[in-house]
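What follows draws every value from the coordinates through simple rules; no lab data is involved. Remember, predicted model here, so these are calculated numbers, not experimental data. Ideal geometry is used to build each Cβ from the backbone, glycine not excepted, and the neighbour counts take in all protein chains shown.
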Amino acid sequence: MSNRKRSLNRVSRADTPVRLFILESPGPLDALEGRAEGPALSQISKLIGHQVVTFPIISASQFDDCCDYISTITDYEDTGADTPICIHISAHGLEDGTGLCFGGNEVHWTELMDSLLPIFRKNMAGPLILVLSACNANRQELTRAIEKHIEEEPKISPPKYVFCSNESVPWSDAAVGWTVFYHLLPAVNLENRDQVKDTLKKIKSIGLPKIWYYRWDVRRKEYFRYENKS
């Protein structure tokens, strides 16, 4: 019998883990055939060290309910209150780039903003990150809708970053790309936009889909776009 001791490899934890809410709306055929990014993304993100929960979305009203539910996070104990909160929306995008599909409902960007407003209205200690994983999400007008709304309601707290996929992306590529994104995210200083850009360049450099960002400027009260053309 060997006297060698087995090495116990512990799962490494994220430097700065996020609280990740995955809201995924595959089509009926996607669901039947198992085409979805949520399950793999959820499991691997947990191994990375993130706190993760996934909600299947089959209608616009259910999306509204989930946003209302997430917004109540500040009503409970605030352990780790400065932890970034990430809302990851995975859905089919409309072909003309005007919004997303939740089941049989077409939700345009202004309507999406209205659904997310309960979250924006909560003053969370940690930064809010929004991810749009959908075809044509790079043509989004959500950030423009937020800019216009904040003129009427200046006390809301918009996402610090809105990340989105570029053009048409298969479910499998999206799942891998966003998994790498959440693997690299903990080491990134979100106050340093060059670090954020470098992270997106790394993802593109290994053959994964391009990810763009829209960064909120507190002083100018508008979003600045980075297209990741490298």
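Quick one: dipole size for the chain, taken about the Cα centre, charges +1 on Lys/Arg Cβ and -1 on Asp/Glu Cβ, in debye to the nearest 20.
The dipole magnitude comes to about 1460 debye.
When the C-alpha atoms of the stretch 114-212 are aligned to their principal axes, what extent does each axis show, in angstrom, from largest down?
42, 28, 19
Please turn the phi angles of the stretch 65-70 into ³J(HN,Hα) values with the Karplus equation 6.51 cos²θ - 1.76 cosθ + 1.60 (θ = phi - 60°), one per residue in order, whole Hz, x for glycine and proline.
Taking θ as phi minus 60°, the curve returns 4, 5, 5, 4, 5, 4 Hz for the stretch 65-70.
Take the Cβ-Cβ distance between Glu106 and Lys202 as r, set R0 to 45 Å, and report the resulting FRET efficiency rounded to the nearest 0.05.
After rounding, the FRET efficiency stands at 0.85.
What share of all Cα pairs of the chain, in percent, falls into each consecutive 10 Å distance bin?
The percentages, shortest bin first, are 7, 33, 38, 15, 3, 2, 1, 0.
Taking GluC sites (Glu not before Pro) that fall in a DSSP loop and have at most 13 other Cβ atoms within 10 Å as cut points, what is the longest piece of the chain between them?
1-76
Pick from Ser205, Ser168, Ser115: which residue has the top mean-square fluctuation in a GNM of the chain where Cα pairs under 10 Å get a spring?
Maximum fluctuation in the GNM of the chain, among the listed residues, is at Ser205.
At most 10 other C-beta atoms within 10 Å and a DSSP loop state: those are the exposed trypsin sites (Lys or Arg not before Pro) I care about. Give me the longest piece of the chain that has none.
Counting only loop sites that pass the neighbour cut-off, the longest clear stretch is 11-154.
How far, in nm, would the chain grow between Leu32 and Asp15 when pulled straight, counting 0.36 nm per residue and subtracting the alpha carbon separation?
Gain on extension, Leu32 to Asp15, equals 2.5 nm.
Treating cross-link reach as a plain straight distance, find the lysines whose alpha-carbon is under 18 Å from the alpha-carbon of Lys160, omitting any fewer than eight places away in the same chain.
Within the straight-line cut-off, Lys160 pairs with Lys122, Lys148, Lys197, Lys221.
Could you tell me the calculated FRET efficiency between Asp96 and Glu152, based on Cβ-Cβ distance and R0 = 25 angstrom, to the nearest 0.05?
0.40
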